[in-house]
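Q: After the structure tokens below, expect a handful of questions from me.
The values are calculated or read from the model by the stated rules, or taken from the named source; none is laboratory data. What you see is a predicted model; the values in this text were computed from it and never measured. In this analysis, Cβ positions are derived from the backbone assuming ideal geometry, glycine residues included, and neighbour counts consider all displayed protein chains.
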Amino acid sequence: MINDLMFSRNNLLNSAVLGMTFLGYLGYRMVRYMNEEGKKTKKVNEVATPVIENPLPISPAIPASEAKAEELQESDESNSDSDAGNDEPPAGSLKMRVSDLEISTDKITMGQGEYIVFRKLPNGEREQLSRELFEQVYKILLKYAPQVMMNESEDNLPQAENRYELIRFELKELDPNLEAVFVPRTLYELIFIRKCIEEDLEHGNLCPFLTPARHYESSENKEAEQDKRNCWHLSYQSGLGDNEDPGVKKVAFRLNNLIADTLSPSSEGFTYQELSPFVEKEIKFLIDFHQAERINELFDAAYPGPTSNFAWEKTVKSMGIRADADAQIIRNAITLDCSKMAHNHIFLFRGAKIENDCIFSHWPKAYSPCRLSFNLGIFPAVVHDGAASTYYYLRMEKNDGFAIPVAFKSLKNSPFYVARSHTVTKLFGIGEVFHESTKVWKDADLNKIRKMTGLYSHPRDHLRSTMSRKKLSKQVDRYYSKAILIK
């Protein structure tokens with residue numbers, strides 16, 4: 001009996017020692033994993049020039065769904081498509097390292113943004129474009145937009161990487177006096193937002209064309225009222241995005257001439273440092289507006305827009321700049337817009353908890369396809385759907401803020417859908433399909449995509465990839481491992 005008790009006690013002690021040893025090994029592996037994964041995330045303060053004096057604290061990111069081992073180990077997937085989408089970034093490396101992500105000290109001629117075009121007269125004075133001339137200019141600018149060219153064909157890569165010179169060449173053929181100047185997308189968006197707010201403040205009420213139904217009225221009555229108000233809320237984009245929409249083109253025309261007057265560019269354009277004062281002016285406008293005394297009837301509305309959303313924290317879609325942390329997100333976005341990496345990459349912005357992002361869900365059933373939403377800027381949808389605007393999520397304390405770089409050459413075969421929309425088109429976006437997102441695997445049920453269920457009128461075919469679930473998940477993980485944090 002005593003021997004039996006001694007034997008049992010020894011077994012218990014041995015088991016305890018083994019258990020503690022095993023737990024210690026697991027802890028070591030976990031610490032090592034977290035340390036290695038944290039090294040992969042690129043920090044925006046390593047990209048920024050000294051104009052950003054107080055970069056925000058950066059915490060390491062982990063890949064989007066790499067931790068979901070069951071997806072990567074599933075046995076029902078064949079290895080036949082292991083090379084599908086062969087331009088994805090290799091795990092653990094990137095062609096352009098953090099040390100390569102620079103802002104040129106020269107004039108910036110390419111990046112993520114738009115071109116402002118004006119006529120430079122022989123006497124050196126600038127002249128605004130006529131509406132008729134801008135129509136022709138607009139076609140040239142759209143033709144060489146990277147998201148348009150690289151969606152059409154991978155063969156367009158040389159033109160996409162040399163778009164500034166090609167745009168200048170075609171503009172000079174149209175009119176020898178035309179000049180094109182690069183403006184970062186985020187600054188372009190900020191100026192538009194200010195004009196929307198100034199319009200409402202001038203009239204003492206929110207624009208009636210924030211109401212969706214107003215955009216379906218007869219053109220004659222609608223345009224007369226919009227012209228009288230000098231309205232900026234001229235479009236409503238509930239689909240994939242229509243760059244030929246009359247309201248989009250009218251706003252693009254007015255913004256072109258307004259920004260040319262506001263920035264007073266030379267023919268050579270701006271350096272990053274020269275753009276900084278214009279960015280700070282727009283940020284200060286939004287800070288002052290957020291802190292100003294409120295007139296309730298200006299901001300309580302069934303259809304809030306930029307004026308109500310940037311005014312205070314009581315609106316459902318609050319987007320105001322509360323403190324410098326919010327402003328720093330905008331500055332960081334400008335930095336990416338102007339970086340050398342933006343010459344041949346697009347940046348997909350998102351605000352979310354990185355560790356929760358995954359392209360599938362086990363609800364309502366196993367491996368239900370999910371769609372992760374992104375935007376090419378931080379302010380798309382700012383007019384009609386603030387809760388679809390990236391900045392709305394970026395300013396939430398609980399969320400990570402990041403941008404995923406996608407090389408032009410990889411875009412067509414990447415795990416992301418990228419819209420062909422002009423920046424203005426995206427500003428008027430609303431709903432589920434206007435913005436960028438992850439694709440779904442090749443045999444996924446398009447009618448069962450989470451957050452799109454029931455919205456059967458929305459187009460979905462553009463979201464289907466040629467990859468299996470396993471391959472798609474691996475690609476998304478690899479792109480997430482290169483995420484550049486902006487907060």
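Q: Just give me the residues in region 95-154 being of a type in the set (S, T, N, Q), modelled with pLDDT under 95 and closer than 30 Å to Phe349 by Cα, in sequence order.
A: Step one: list which residues in region 95-154 are of a type in the set (S, T, N, Q), which gives 99, 104-105, 109, 112, 123, 128, 130, 136, 147, 151, 153.
Narrowing the set further to residues that are modelled with pLDDT under 95 leaves 99, 104-105, 123, 151, 153.
Within region 95-154, Ser99, Ser104, Thr105, Asn151, Ser153 meet the criteria.
Q: For the structure I just gave you, tell me whether Ile167 is of a type outside the set (D, E, K, R), assigned to a helix (DSSP H, G or I), under 21 Å from the mean Cα position of the chain (by Cα) and within 26 Å of Gln273 (Cβ to Cβ). Explain how you work it out, then say what you get.
A: Numbers: of a type outside the set (D, E, K, R): yes; assigned to a helix (DSSP H, G or I): yes; under 21 Å from the mean Cα position of the chain (by Cα): no; within 26 Å of Gln273 (Cβ to Cβ): yes.
So Ile167 fails the test.
Q: Does any residue in region 103-130 that is free of Cβ contacts under 8 Å to residues at least 60 places away in the same chain come within less than 9 Å, Cβ to Cβ, of a residue that is assigned to a strand (DSSP E or B) and surrounded by fewer than 17 Cβ atoms within 10 Å (Cβ to Cβ) six or more places away or on a different chain, and which pairs are these?
A: Filtered contacts from region 103-130: Leu121/Glu127; Glu127/Lys120.
Q: Of everything in region 318-368 that's in a helix (DSSP H, G or I) and among the basic types (Lys, Arg), which residue is surrounded by the most Cβ atoms within 10 Å (Cβ to Cβ)? Please lay out each step first, then the result.
A: Taking region 318-368 as the starting set, the residues that turn out to be in a helix (DSSP H, G or I) are 324-338, 340-343, 354-356.
Then keep just the ones that are among the basic types (Lys, Arg); that gives 331, 340.
Working: Arg331: 23, Lys340: 17.
Among residues in region 318-368 that are in a helix (DSSP H, G or I) and among the basic types (Lys, Arg), the one surrounded by the most Cβ atoms within 10 Å (Cβ to Cβ) is Arg331.
Q: Moving on to the next point. Select, from Leu201, Leu174, the only residue that is of a type in the set (A, V, I, L, M, F, W, C), touching a Ser or Thr at 6+ places or on another chain (Cβ under 8 Å) and surrounded by fewer than 21 Cβ atoms within 10 Å (Cβ to Cβ).
A: Working: Leu174 fails: touching a Ser or Thr at 6+ places or on another chain (Cβ under 8 Å).
Of the residues listed, the single one that is of a type in the set (A, V, I, L, M, F, W, C), touching a Ser or Thr at 6+ places or on another chain (Cβ under 8 Å) and surrounded by fewer than 21 Cβ atoms within 10 Å (Cβ to Cβ) is Leu201.
Q: Oh, and also: Condition (residue is over 26 Å from the mean Cα position of the chain (by Cα) and in a strand (DSSP E or B)) applied to region 209-217: is it met by at least one residue?
A: The answer is no; no qualifying residue exists.
Here is a yes/no grid of residues against (1) farther than 30 Å from Lys365 by Cα; (2) touching a residue at least 12 places away in the same chain (Cβ under 8 Å); (3) surrounded by fewer than 23 Cβ atoms within 10 Å (Cβ to Cβ):
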position	(1), (2), (3)
Lys398	no, yes, yes
Tyr417	no, yes, yes
Arg420	yes, yes, yes
Gly431	no, yes, yes
Glu436	no, yes, no
Arg460	no, yes, yes
Arg464	no, yes, yes
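Q: Where residues in region 218-230 are closer than 22 Å to Arg194 by Cα and either touching a residue at least 40 places away in the same chain (Cβ under 8 Å) or surrounded by 12 or more Cβ atoms within 10 Å (Cβ to Cβ) (or both), which of them is farthest from the chain's Cα centre (by Cα)? First the steps, then the outcome.
A: Step one: filter region 218-230 for residues closer than 22 Å to Arg194 by Cα, giving 223, 225-230.
From what is left, the residues that are either touching a residue at least 40 places away in the same chain (Cβ under 8 Å) or surrounded by 12 or more Cβ atoms within 10 Å (Cβ to Cβ) (or both) are 223, 225-226, 229-230.
Numbers: Glu223: 31, Glu225: 33, Gln226: 29, Arg229: 31, Asn230: 29 Å.
If we take residues in region 218-230 being closer than 22 Å to Arg194 by Cα and either touching a residue at least 40 places away in the same chain (Cβ under 8 Å) or surrounded by 12 or more Cβ atoms within 10 Å (Cβ to Cβ) (or both), then Glu225 is farthest from the chain's Cα centre (by Cα).
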